[in-house]
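Some notes on the structure that comes next.
The values are calculated or read from the model by the stated rules, or taken from the named source; none is laboratory data. This is a predicted model, so every value here is computed, not measured. Neighbour counts are summed over all protein chains in view; Cβ atoms, including those assigned to glycine, are modelled from backbone coordinates with ideal geometry. Quick note on the areas: whole protein, heavy atoms, side chains included, nothing else; ligands and nucleic acids left out. Shrake-Rupley method; radii C 1.70, N 1.55, O 1.52, S 1.80 Å.
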Amino acid sequence: MNWPQLKTILWLRSRLMRNQWARSKGIGAAIAAIIAVAVAIMGATSFAGTLVIGMYGLAKVSPLVLWVVWTGVAGMFMFMWLMGLMMELQRSESIDLQRLMHLPVALGQIFIINYLASHLATSIIVFVPAMMGLALGLAISRGPSMLLLAPLALGMVCMVSAWTYCLRGWLANLMNNPRRRRTVIMVIMMTFILFSQLPNLYFNVFQRFDRPPPGARAGQKHPNADRLTMQASQVIAVEEFIPPLWLSAGAKGLAEGNALPALCGVFGLFAIGGLGLWRAYVGTVRFYRGGSSGKAGVEAPPERARAAILGAVAVKGAARFVEFRVPGVPEQAGAMAVATLRSQLRAPEVKIAWGTSILVPLIVGGSVLFRHELKISEDAKPFIATGAAVFAVFMLVQFFANQFGFDRDGFRALVLSPMDRRFILLGKNLACIPVGVILGGLLMGMLAIRLALSPLDVLAGMLQLASLLLMAGMAGNLLSILVPYRIQPGTMKPTKMPGLAMLTLMACHLLFPVAMAPAFVPALAELLWHKSGWAGAGAVNLLLSLVLAGAAALAYWQALGPLGRLLQRRETKILGIISVEVE
């Protein structure tokens, strides 16, 4: 260990952090400070809360209950950790090793600092103090041997963070190829979504017939209680082969007076974590030195042949798509819609967001569809259909509210084009409509099948969906012009946003339910009409939804002119915001 070099590296890291804070001035710095303080308070609160739980709540429980508690803590930590991993798949180095490769410094020290700095995540700040507090509380209430849970928990965190750090480095090397990058991101995201929904599918779909009958008594034993206990015993039997479960196995062993599982777990977890760090370090050095994965490369075809192949593919597929004309809209707006949709379909991050918006509701909705029993009154069904339309629009808010952020340098072409600015806004809005209609239609279809919605309610729900898309288009056009922000290439994360833009977007998300309130007026009017005992209540929702859709269409068309002129006045400022890279 070279202590002078380590001291210099730590000074360099602190100086970089100080410069980052210095660039974030004004409201943005205040918001960042508030978030940092809030996360610190959450960590302190989790430590104090689990300390009390360990001292009083778990003082006399059985070893099996203690095993369940630690299994739950480890499971929640893994879930939060994977969520953070999905938000940033590639590894971002705190100190660029490539800039220091020519210096006589120990790269291992810089690697460790980068590893520690990159894992200052919310899951670490919240769950590590919680684990330490729970271990200390159990040591006070059940004996000092429970203190072994502290290094055991740290070993699990070390193992998970080390191997995910290695995984992120491997993905960074793998994603240098843009084509492989799209495939890798899509596969990882869809795998994570399906994995996170496995408990939901298991309990709500596969075991829907294993629930007690509705008329069963509250104190009656569940007929499958013995089978559930047997399943828990099977999990305990195989936990020695699953390293994340070594934490709960060690807690159960300490509660039974056997410290050997905890000691072996500490040694095993830190050994696996050290192996992951070594593998990550070797891969990092190889990556910065220009090495490959060791596989022989495939000879690339000549440039002319490759251009001919790509040209043939473009003529067969992409060119026809770009030449598609949207019926019923001006030609310039239709061209803008097709070009925007094509650009979004080529971006892996947009496809991930759209795929998630469609896949998650289908999985969750499917579990609801196959539930054992649903008791919903007839009066509530129109409101549920309207809620499905609102949810479909909510999944597209990030696209409506920042329609130029994904263009980045490509926005220059719009600034230089002679196209009417109204048609630019109209085309941008039309590009999001197919996704909203598909998502809303799927949700409406599932609800119609499961809840036996009447055709009038389904048609009214689709009209409400159209109204909400038009209202979201108007509000999104205004926000995109006034508070644009740049989206980092390859991710859905914004760059460092100005404080005013951050506050505006937070307020818009908080006020989203209020903005969507007019969509519930037709269903509410039908309910009041029905409660009054008047005839023809079934058509009230449909007629008012038709009126709402017409009013929204008229308001949208009238707002295009002023918003287009506003865009023309601010387009140079928008270009300066979304085309400048912020490091």
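Points worth noting:
- Computed over neighbours whose Cβ is under 15 Å from that of G143, the net charge equals +2, Lys and Arg +1, Asp and Glu -1.
- Packing-based ranking of 65-78, 41-54 yields 65-78, 41-54, ordered from highest to lowest mean Cβ neighbour count within 10 Å.
- With all pairs of separate Cα atoms included, segment 400-461 yields a Kirkwood hydrodynamic radius of 14.4 Å.
- Computed over every Cα-Cα pair of segment 372-416 and binned at 5 Å starting from 0, the pair-distance distribution P(r) comes out as 5, 17, 14, 13, 11, 10, 8, 7, 7, 4, 4, 1 percent.
- Among 381-391, 326-336, the order from most to least packed when residues are scored by Cβ within 10 Å on average: 381-391, 326-336
- FRET efficiency for the pair L345 and R15, taken as 1/(1 + (r/R0)^6) with r the Cβ-Cβ distance and R0 = 41 Å, rounds to 0.45.
- Ligands, DNA and RNA are left out, and with a 1.4 angstrom probe the accessible area of segment 525-578 is 58 Å² per residue.
- Rounded FRET efficiency, nearest 0.05, which uses the C-beta distance separating L64 from S141 and R0 of 25 Å: 0.90
- Neighbourhood charge, 13 Å Cβ-Cβ cut-off, centred on R421 and excluding it, Lys, Arg +1 and Asp, Glu -1: +3
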